[in-house]
Amino acid sequence: MDQTANNAQSSTLNAQSATFGDWLNKLKAEGKTDQEIGQLLAGMSKLSALSVYSSIMSSLTEEDMKEVEAIADEEMAKQKMEELFKLRTGMTVDELVQKGQEGFVKGYLKAE
């Protein structure tokens, strides 16, 4: 990866971390306990998983699913599903999760 790409990736990671950090700071400023923050993080994880599942199911064709189901190895089937998802949507599962979490955090930060 060239230096420009490294700088862009680093800037993106810093911006995401700052947004996530801002969210945590706001929660703490609101008096949320570590346990409550943990519960919110667990909820965000569940929401991300649900979003991924529904996005994959709505993006893949019946033929795609038959192809995935024909793979006996669970890890290889998961990889195939992720490949097909990227082919159909133009984004990776990780990018989908990241966008969803960023949207949640930004929405929370804007809410007063």
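The values are calculated or read from the model by the stated rules, or taken from the named source; none is laboratory data. Because the structure is predicted, anything quoted here is derived from the model rather than measured. Note that we place each Cβ from the backbone using ideal geometry, even for glycine, and neighbour counts take in every protein chain shown. Just so you know, the surface numbers come from the protein's heavy atoms only, side chains and all, with ligands and any DNA or RNA stripped out. Shrake-Rupley method; radii C 1.70, N 1.55, O 1.52, S 1.80 Å.
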query = Among the listed residues Ser55, Ser45, which satisfies the condition of being out of contact with any Leu (no Cβ under 7 Å at 6 or more places or on another chain) and surrounded by 11 or more Cβ atoms within 10 Å (Cβ to Cβ)?
reply = Ser45
inquiry  = So for segment 67-89 (the condition being of a type in the set (Asp, Glu) and under 30 Å from Asp22 (Cα atoms)), does at least one residue qualify?
reply    = no
task = Being under 15 Å from the mean Cα position of the chain (by Cα) and open to solvent by 90 Å² or more (accessible area, probe 1.4 Å) is the filter here, so list the residues in segment 77-112 that pass it.
result = Lys86, Asp94, Lys99, Lys106
inquiry  = Return the residues of segment 27-40 that are aliphatic (A, V, I, L, M) and surrounded by fewer than 11 Cβ atoms within 10 Å (Cβ to Cβ); say none if nothing qualifies.
reply    = Ala29
note = Per the filter on segment 19-40, residues in contact (Cβ under 8 Å) with a residue 12 or more places away in the chain and either among the hydroxyl-bearing types (Ser, Thr, Tyr) or in contact with a strand residue (DSSP E or B) (Cβ under 7 Å, 6 or more places away or on another chain) (or both) are Thr19
ask   = Using beta carbons and a limit of 9 Å, which pairs, at least six apart or on different chains, have the first residue in segment 79-108 and acidic (Asp, Glu) and the second one in a helix (DSSP H, G or I) and open to solvent by less than 50 Å² (accessible area, probe 1.4 Å)?
value = Glu82/Ile56; Glu82/Val93; Glu102/Gln16; Glu102/Thr19
ask   = Among the residues of segment 41-99, which ones are outside any helix (DSSP H, G or I) and either at pLDDT below 90 or on the phi > 0 side of the Ramachandran plot (or both)?
value = Gly90
ask   = Would a scan of segment 55-68 turn up a residue that is under 26 Å from Leu109 (Cα atoms), out of contact with any His (no Cβ under 8 Å at 6 or more places or on another chain) and of a type in the set (Gly, Ala, Ser)?
value = yes
request  = Please specify each residue of segment 41-64 satisfying the condition of being in contact with a Phe, Trp or Tyr (Cβ under 8 Å, 6 or more places away or on another chain), among the hydrophobic types (A, V, I, L, M, F, W, C) and without any contact (Cβ under 8 Å) to a residue 40 or more places away in the chain.
outcome  = Ile56, Leu60
